Amino acid sequence: MSRTADGFTYFEVLLASIILAGAVTCMGLALEQSASVTSNAPIVATADYLLQDGFAWVRSLPRVDRSGSTAIGMEAGETAIADVDDVDDLAGVSEADPVDRNGTGYGADWSRSFTVESVTLADPTVAAAAGSTPLLRIRIVVKYQKIEKAADTILLSRTP
Ligand SMILES: [Ca+2]
């Protein structure tokens, strides 16, 4: 086998070059991943904030409409987000430009939607006929540019 001036075979030099190239590629990929995570961080933080703000709104609302209706959804005469006056009014509500409890808007890139269902007491993962049980399951989904960024579910009892 022929050797370089330093005493390495060409095969050894080739092998070292391949290992070095692999290491450099891995470092590059790690840096790229890190940059992507860093640039995504403000979006993740805002999504989580809007999710928690949504749950704060949900918890602040009466559990039953003042009319006494336990049906899920807005009552007669309630049509807009401004009309929401009890938890189940949020069923099917989707905010195209979510506004937090402080009145700050987050722009049209964001959306926040609410699902409200009655669930059985024995197993809250099982949906029940709307209004038939005193347990509500509320799910909030926050999206950025139509891609889901945060979502969670809570259970609320209608008996305070
Ligand atoms: Ca209502």
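If we keep just the residues of the range 74-88 that are in contact (Cβ under 8 Å) with a residue 12 or more places away in the chain and out of contact with any Asp or Glu (no Cβ under 6 Å at 6 or more places or on another chain), which is nearest to the ligand (Cβ to nearest atom)? Filtering the range 74-88 for residues that are in contact (Cβ under 8 Å) with a residue 12 or more places away in the chain and out of contact with any Asp or Glu (no Cβ under 6 Å at 6 or more places or on another chain), the one nearest to the ligand (Cβ to nearest atom) comes out as Asp85. Given the options Gly92, Gly73, name the one that is outside any helix (DSSP H, G or I) and exposed (fewer than 15 other Cβ atoms within 10 Å of the Cβ). Within the list Gly92, Gly73, the selection yields Gly92.
Among the residues of the range 109-134, the ones that are over 28 Å from Asp48 (Cα atoms) and surrounded by 17 or more Cβ atoms within 10 Å (Cβ to Cβ) come to 2 in all.
Give me the residue from the range 100-112 that is touching a residue at least 40 places away in the same chain (Cβ under 8 Å) and either within 17 Å of Ser132 (Cα to Cα) or part of a loop (DSSP other than H, G, I, E, B) (or both) and, out of that set, farthest from the ligand (Cβ to nearest atom).
Tyr106
In the set Asp85, Asp97, only one residue is under 18 Å from Tyr49 (Cβ atoms), part of a loop (DSSP other than H, G, I, E, B) and of a type in the set (D, E, K, R); that residue is Asp97. Among the residues examined, Val142 does not qualify as within 12 Å of the ligand (Cβ to nearest atom), touching a helix residue (DSSP H, G or I) at 6+ places or on another chain (Cβ under 8 Å), part of a strand (DSSP E or B) and touching a residue at least 40 places away in the same chain (Cβ under 8 Å). Here Ala56 clears all of (1) over 26 Å from Thr153 (Cβ atoms); (2) part of a helix (DSSP H, G or I) except the condition numbered (1). Look at (1) surrounded by 12 or more Cβ atoms within 10 Å (Cβ to Cβ); (2) more than 12 Å from the ligand (Cβ to nearest atom); (3) in a loop (DSSP other than H, G, I, E, B); (4) not acidic (Asp, Glu) and you find that Tyr49 fails only one, number (3). Which of the residues belonging to the range 63-82 are in contact with a helix residue (DSSP H, G or I) (Cβ under 7 Å, 6 or more places away or on another chain) and at negative phi? Once the filter is applied, which keeps residues that are in contact with a helix residue (DSSP H, G or I) (Cβ under 7 Å, 6 or more places away or on another chain) and at negative phi, the range 63-82 yields Arg63, Ile72, Met74, Glu78.
Quick note: the coordinates plus some simple rules give every number you see, no bench work behind them. Because the structure is a prediction, the values reported are computed rather than measured. Neighbour counts are summed over all protein chains in view; Cβ atoms, including those assigned to glycine, are modelled from backbone coordinates with ideal geometry.
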